[in-house]
Amino acid sequence: PLGEAALVSELVCGELAKWFGLTVPPFAIIRVCDVEITMLRNGRLIQPPLFFSKTVDGIPRDGTDTFLTRLRSPGDVAKLVIFDTWVRNWDRYLDGEANNDNLLYVRSGKHKYDIVPIDHSNCLIGADPEFPDAVCEDWIRDSTVYGKFPEFDEYLTAASVRVAMQKLQTLRRNFVDEVVNSVPLEWGLGSAARTALVELICLRSLYVVNTLSARLVDEPGLPGIN
């Protein structure tokens, strides 16, 4: 129902999340589908290529630290906040408004859990209905911190923020080109819009690396010191 821009966002941000080291459900683009799928809102038949994401057995965020204390990788908390801010994901947590269904805790052992973000259909361009042909400077320099649930605060350590930022610093344009060029032509992302999207992702990453750490932790910390 959200249109092709949501599909583009879902695919591109899913690939970026995987690269960044987040645990996201497996997903795929399906070009041949023998099952007729009808859109619930208007009854229109959905045509391939389709975006499919695997269902995972997880528990939605409940606002407590019950599962945070049992994370297999506590550093994923900082990674998720930095990722959501990088891709401007307003549909998980923003300004006190929470979408708890977009964050799952999935068992990864007898007593451990993984933090699993889902649904990246509302990222990068806000509520705009389509990706533009030119880069918006306001999007690049958006100073909002996204995805920072209140219970995350004590898990945002100088060390975990530093590690996540070091990973983001390794982003290369050729990888982003590859990700954006994997978007099916049928989804209506033209040549100029693809170039603008690559620029947005790359320039936004530099802005986040240069500005975000100080807003997440009081003391960013020195290399080699926890």
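The values are calculated or read from the model by the stated rules, or taken from the named source; none is laboratory data. Remember, predicted model here, so these are calculated numbers, not experimental data. Please note: Cβ atoms are built from the backbone with ideal geometry, for glycine as well, and neighbour counts cover all protein chains shown. Calculation scope for accessible area: heavy atoms of the full protein, side chains included, ligands and nucleic acids excluded. Shrake-Rupley method; radii C 1.70, N 1.55, O 1.52, S 1.80 Å.
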- Obtain the nm distance between the two label points defined at residue 214 and residue 72 by a simple spin-label model: each point lies 7 Å from its Cα along the Cα-to-C-beta direction. 3.7
- So what's the angle, to the nearest 10 degrees on a 0 to 90 scale, between helix 191-211 and the longest Cα principal axis of the chain? 10
- Note on the structure: With x for Gly and Pro, the residue-by-residue ³J(HN,Hα) of segment 43-60, computed from phi through the Karplus equation 6.51 cos²θ - 1.76 cosθ + 1.60 at θ = phi - 60° and given in whole Hz, is x, 6, 6, 7, 9, x, x, 10, 9, 10, 10, 5, 6, 10, 8, x, 10, x
- So how much accessible area does residue 69 have, in Å² to the nearest 10, using a 1.4 Å probe? 90
- Considering only protein heavy atoms and a 1.4 Å probe, what is the carbon-and-sulfur percentage of the accessible area of segment 1-149? 49
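What is the calculated FRET efficiency for residue 53 to residue 136, with r their C-beta to C-beta distance and R₀ = 22 Å, to the nearest 0.05? Don't skip to the end; give the middle numbers.
Working: r = 28 Å, r/R0 = 1.26.
The calculated FRET efficiency here is 0.20.
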- Among segment 178-195, those whose backbone N falls under 13 Å of a label point 7 Å along Cα→Cβ from residue 128 are 190, 192-195
- Message: Rounded, prolate or oblate, given the Cα gyration tensor of segment 1-64, with a/c below 1.5 counting as rounded?
- Response: prolate
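Between their Cα atoms, which of 18/148; 18/79; 54/167; 79/110; 18/167 are more than 22 Å away from each other?
Over 22 Å Cα-Cα: 54/167; 79/110.
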- Task: Starting from the amide H of residue 107, placed 1.01 Å from N in the peptide plane, find each other amide H under 5 Å away whose residue is 5 or more places distant or on another chain.
- Result: 114
- In percent, what relative contact order does segment 83-175 have, based on Cα pairs under 8 Å that are 6 or more apart in sequence? 32
- Task: May I ask you to derive the relative contact order of the chain, considering only C-alpha pairs under 8 Å and at least 6 residues apart, and to give it as an integer percent?
- Result: 25
- Query: In degrees from 0 to 90, rounded to the nearest 10, what is the angle of the helix 158-168 Cα long axis to the longest principal axis of the chain?
  - Reply: 30
- Label-point gap, in nm, between residue 143 and residue 169 - each point 7 angstrom along Cα→Cβ: 2.3
- What is the helix-to-structure angle for 76-86, meaning the angle in degrees between its Cα long axis and the longest Cα principal axis of the chain, kept from 0 to 90 and rounded to the nearest 10? 50
- In the set (1) 0.97; (2) 1.14; (3) 1.08, which value of Rg/Rh (Cα atoms, Kirkwood Rh) was calculated from the structure you see? (1)
- Task: Could you run the Karplus curve 6.51 cos²θ - 1.76 cosθ + 1.60 with θ = phi - 60° over segment 113-128 and give me ³J(HN,Hα) per residue in whole Hz, x for Gly and Pro?
- Result: 9, 10, 8, 10, x, 10, 6, 10, 7, 10, 10, 6, 10, x, 9, 4
